[in-house]
1. Can you name the residue in segment 10-42 that is among the polar types (S, T, N, Q) and in a helix (DSSP H, G or I) and, of all such residues, is modelled with the lowest pLDDT?
2. Taking the conditions exactly as written (at pLDDT 95 or above, under 19 Å from Thr16 (Cα atoms) and either surrounded by 14 or more Cβ atoms within 10 Å (Cβ to Cβ) or within 19 Å of the chain's Cα centre (by Cα) (or both)), does Tyr100 satisfy them or not?
3. Pairs, please: C-beta under 6 Å, at least 6 apart or cross-chain, first residue of a type in the set (Gly, Ala, Ser) and in segment 116-132, second surrounded by 22 or more Cβ atoms within 10 Å (Cβ to Cβ) and modelled with pLDDT under 90?
4. Which of the following residues is under 19 Å from Lys28 (Cα atoms) and either part of a helix (DSSP H, G or I) or at pLDDT below 90 (or both): Ala45, Ala127?
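The values are calculated or read from the model by the stated rules, or taken from the named source; none is laboratory data. The shown structure was predicted, so the numbers you read here are calculated from the model rather than taken from an experiment. When we count neighbours, we look across all protein chains shown, and the Cβ atoms used for this are built from the backbone with ideal geometry, even at glycine.
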Amino acid sequence: MDGNGGLQSFPSYFYTTALESFLKELSKEARLDIVNGGNMTRGEATKKAKQEKEGYVVYLQLGVDSMNPSARSEDARDAIVEYILMAPATTKVEASGRIYARTYQNRGILRRPTSGIYNDYTLEEAAKAAAEEVAEFFKRHGPAHQN
């Protein structure tokens, strides 16, 4: 997870929430062994993937759903969970995507839109959706897929 990729566009706990939700959801896929690589930049993630013999690297970043590149938000509904799945050794991008937290703002929980629980829920659901997309790649191609 790149905690600085958005130049801290969100409160720091948003990054932790997104990473924990992503890892929890991805770990449901029994065929995968998940290792939390901690905070790293995209360059560090690429370097890690290049060093790997078998393990894929997933780079996560939070972006702000705004045209303003210096935007900052306290609202998780403004988050975009971005992921890049890199193949071991080759660093080839096998899958990538952007999940908008705002997509989940009217689903599954009946709370005032300004409540903290509701705010976290949208971010958690977006991170889970990103993990589901990564898991789907492995369901289709298997963990040993490489071109």
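1. Ser12
2. Criteria not met by Tyr100.
3. Ala126/Ala101
4. Ala127
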